[in-house]
Amino acid sequence: MDARFLGIADLVEVPSVAVVVDVMRAFTVAAWAFGQGAEKIVLAESLDEALTLKARHPDWAALKDGPAEPGFDMVNSPGLLQSIDLGGRTVVQKTTAGTVGALAVKEASLVLCASFVVADATARVLRARGSDGVTFVVTGEDGQADEDLACAHYIAGRATEAGTDAAAFLRRAGASRAAAELAEGVRQGVHPDDVALCLELDRFPFAMRAALEESLMVLRPCAVPSLTDEVSI
Ligand SMILES: O=C(O)[C@H](CS(=O)(=O)O)OP(=O)(O)O
Ligand SMILES: [Mg+2]
């Protein structure tokens, strides 16, 4: 597999297959939202768009990063999401890095949004598809965020070699600046368990695919091919 690892600003052409990685915390949070029952997640371009969508659909739940703000129902924290029932709900998510990265590749033919909690499922989708060229969008710190690079390299390795071990990649992510800032309370809208939850390998059995639906970028959980299917593809 020909894997490229690019920051959001380095995307000069539309990739065919894109894996957008945000470990801390957008795509850990997105996976938790599905785990808590959400039907879909609309990735908003701006806080204003998120609030406009929420006003148009009062039953939707709006989520932003940073501190809680009027009009928003939730913040970008897996630890805080654990106690919220989202059964059947649509979530509108806007964050600093993750949602921006997914929207930057919205024209790609396949967009997967990933983090460690869906790492193996994501790799299995890539393996089953037999994608030659995959662009990993490293959303944090202009493409240099250690937690996102570690996860991207792990998924790329695992997509090629199913036996790739996660330990060293998880260690790198755990030593990242983002992990330290979350643990030290530098970032806002944080639960004490957030770092541990972001480093939980394969907590969820699904991958997450984003695609345009009537001009909105919509993220949904997607089924992962079984090992038998992988062999036959
Ligand atoms: O919520 C997060 O962890 C970050 C925002 S900040 O760096 O904490 O301000 O957003 P994300 O898009 O999930 O990286
Ligand atoms: Mg991040």
Over the chain, what relative contact order in percent results from Cα pairs under 8 Å that are six or more residues apart? 32 percent
Using protein chains only and a probe of 1.4 angstrom, how many square angstrom of Glu69 are accessible, to the nearest 10? 80 Å²
Heavy-atom accessible surface of the chain: percent carbon and sulfur, 1.4 Å: 50 percent
Net charge near Gln82: determine it from the other residues with C-beta under 14 Å of the C-beta of Gln82, scoring Lys and Arg +1 and Asp and Glu -1. -2
Once phi is turned into ³J(HN,Hα) by the Karplus curve 6.51 cos²θ - 1.76 cosθ + 1.60 with θ = phi - 60°, what whole-Hz value does each residue of the range 142-148 show in order, with x for glycine and proline? 6, x, 10, 5, 4, 5, 6
Amide H contacts of Val42 (H built 1.01 Å from N, under 5 Å, at least 5 apart or other chain): Val91, Val92, Gln93, Leu219
Rounded to whole Å, give me the distance from the Cα center of the range 55-74 to that of the range 98-168. 27 Å
Nearest 5 is fine: what % of DSSP beta bridges in the chain come out antiparallel, could you say? 35 percent
Can you pull the three principal axis extents for the Cα set of the chain, in Å, largest first? 48, 41, 35
Given Cβ point charges of +1 (Lys, Arg) and -1 (Asp, Glu) and nothing else, what value in debye, to the nearest 20, does the dipole of the range 2-222 about its Cα centre take? 420 debye
Sorted by mean Cβ packing within 10 Å, highest first, what order do the peptides 207-215, 104-112, 73-81 take? 73-81, 104-112, 207-215
Using the heavy atoms of the protein chains alone and a 1.4 angstrom probe, what is the accessible area of the chain per residue in square angstrom? 42 Å²
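The values are calculated or read from the model by the stated rules, or taken from the named source; none is laboratory data. Predicted, not measured: the structure shown is a model, and the values here were computed from it. Counting neighbours? That spans all protein chains shown, and the Cβs are built from the backbone with ideal geometry, glycine included. Note: areas computed on protein heavy atoms with side chains; ligands, DNA, RNA excluded. Shrake-Rupley method; radii C 1.70, N 1.55, O 1.52, S 1.80 Å.
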